[in-house]
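> The structure that follows is given in the form of structure tokens.
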Amino acid sequence: MGMIINATTRDDQGKGASRRLRREEKLPAIVYGAGKEPSAISLNIHEITHLLENDDAFTSVLDLSIDKKVEPVIIKDLQRHPAKNTVTHVDLLRINMKQTIVTSIPLNFTGSDDNEAVRLGAILNQFVNTVEVSCLPADMPNGIEVDISNLAIGDHISLTGISMPEGVTLTALTHGDIEAHDQSVVAVQEAKLMAEEVEEEVIEADGDESAEGDDAEQDDSDSDS
């Protein structure tokens with residue numbers, strides 16, 4: 001059985017309506033897509049909060065039940081309170097199970113405990129944490145595994161090195177020039193080399209600030225003369 005979101009339709013909208021909904025322990029939301037008109041709905045705040053605690057909810061097809069009518073959706077966007085970080089609004093996208101969707105999927109890096117270089121003090125740099133993929137809804141993975149157990153110092157894995165699930169395509173590699181879009185995802189680097197690079201960045205930043213200060217002093221002296 002899939003994850004279910006129970007909802008009811010609502011007619012009142014706006015900030016005042018949203019505040020009233022929250023006092024009733026409901027959360028404003030909207031569902032759109034699949035060639036249908038957008039519908040303003042409300043969700044039980046406790047049910048949706050519990051659902052969002054499950055990371056798989058963000059990468060799964062959910063069953064949206066509105067007034068006892070069920071349709072497949074995915075979570076498209078969340079709005080959060082700037083201070084409390086609580087969810088204040090939910091956007092749901094209707095989907096056609098027979099049509100391809102584009103969505104973001106997290107990368108799950110495995111094998112660090114078995115990596116000899118990392119055990120000896122090398123640094124593991126993760127440059128990408130999520131990737132955009134294209135697939136049928138039924139083929140959408142909750143995550144994509146990237147095994148780094150055999151990487152040595154200086155080795156890296158790029159997008160083309162990721163083993164993709166069947167039926168799932170990386171959109172970054174569908175834009176013609178694969179080599180130009182084949183960015184590095186993860187690399188193992190010597191700790192000393194990493195420290196040197198950080199030190200170089202600090203020196204460059206200090207040099208830039210110093211140059212800006214010299215320019216400012218020159219401007220002041222020019223204005224005095």
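The values are calculated or read from the model by the stated rules, or taken from the named source; none is laboratory data. Since the model is a prediction, treat every value here as computed from it, not as a measurement. When we count neighbours, we look across all protein chains shown, and the Cβ atoms used for this are built from the backbone with ideal geometry, even at glycine.
> Inspect the range 86-102 for any residue being modelled with pLDDT under 95, part of a loop (DSSP other than H, G, I, E, B) and on the phi > 0 side of the Ramachandran plot and give the result as yes or no.
Within the range 86-102, not a single residue is modelled with pLDDT under 95, part of a loop (DSSP other than H, G, I, E, B) and on the phi > 0 side of the Ramachandran plot.
> Any residue in the range 167-178 that's modelled with pLDDT of 95 or more: show its pairings with residues that are small (G, A, S) and loosely packed, with under 14 Cβ neighbours inside 10 Å at Cβ separation under 9 Å, as long as the two are six or more apart or on different chains.
The qualifying pairs are G167/A138.
> Moving to a separate point now. Residue check, L51 against (1) surrounded by fewer than 16 Cβ atoms within 10 Å (Cβ to Cβ); (2) of a type in the set (A, V, I, L, M); (3) modelled with pLDDT of 90 or more, all met but one. Which one?
The single condition L51 does not satisfy is (1).
> When the residues of the range 103-142 are filtered to those that are assigned to a helix (DSSP H, G or I) and aliphatic (A, V, I, L, M), which remaining residue is surrounded by the fewest Cβ atoms within 10 Å (Cβ to Cβ)?
Keep residues of the range 103-142 that are assigned to a helix (DSSP H, G or I), which gives 112-114, 116-119, 137-139.
Those still in the list that are aliphatic (A, V, I, L, M) too: 117-118, 138.
Details: A117: 20, V118: 18, A138: 10.
Checked the range 103-142; the qualifying residue surrounded by the fewest Cβ atoms within 10 Å (Cβ to Cβ) is A138.
> Those residues that are surrounded by 15 or more Cβ atoms within 10 Å (Cβ to Cβ) and not in a helix (DSSP H, G or I), I need them from the range 166-180; list them, please.
Answer for the range 166-180, where residues must be surrounded by 15 or more Cβ atoms within 10 Å (Cβ to Cβ) and not in a helix (DSSP H, G or I): V168, T169, L170.
> Could you list, in sequence order, all residues of the range 70-88 that are more than 21 Å from I101 (Cβ to Cβ) and over 18 Å from the mean Cα position of the chain (by Cα)?
Step one: list which residues in the range 70-88 are more than 21 Å from I101 (Cβ to Cβ), which gives 79-88.
Of everything in the range 70-88, those that are more than 21 Å from I101 (Cβ to Cβ) and over 18 Å from the mean Cα position of the chain (by Cα) turn out to be H81, P82, A83, K84, T88.
> So which of D77, D56 is loosely packed, with under 15 Cβ neighbours inside 10 Å and touching a residue at least 60 places away in the same chain (Cβ under 8 Å)? Let's see the steps before the verdict.
On the way: D77 fails: touching a residue at least 60 places away in the same chain (Cβ under 8 Å).
Checking each option against the conditions leaves just D56.
> Against the condition modelled with pLDDT of 60 or more and either surrounded by 11 or more Cβ atoms within 10 Å (Cβ to Cβ) or touching a Leu at 6+ places or on another chain (Cβ under 6 Å) (or both), how does D208 come out, does it pass?
Numbers: modelled with pLDDT of 60 or more: yes; either surrounded by 11 or more Cβ atoms within 10 Å (Cβ to Cβ) or touching a Leu at 6+ places or on another chain (Cβ under 6 Å) (or both): no.
So D208 fails the test.
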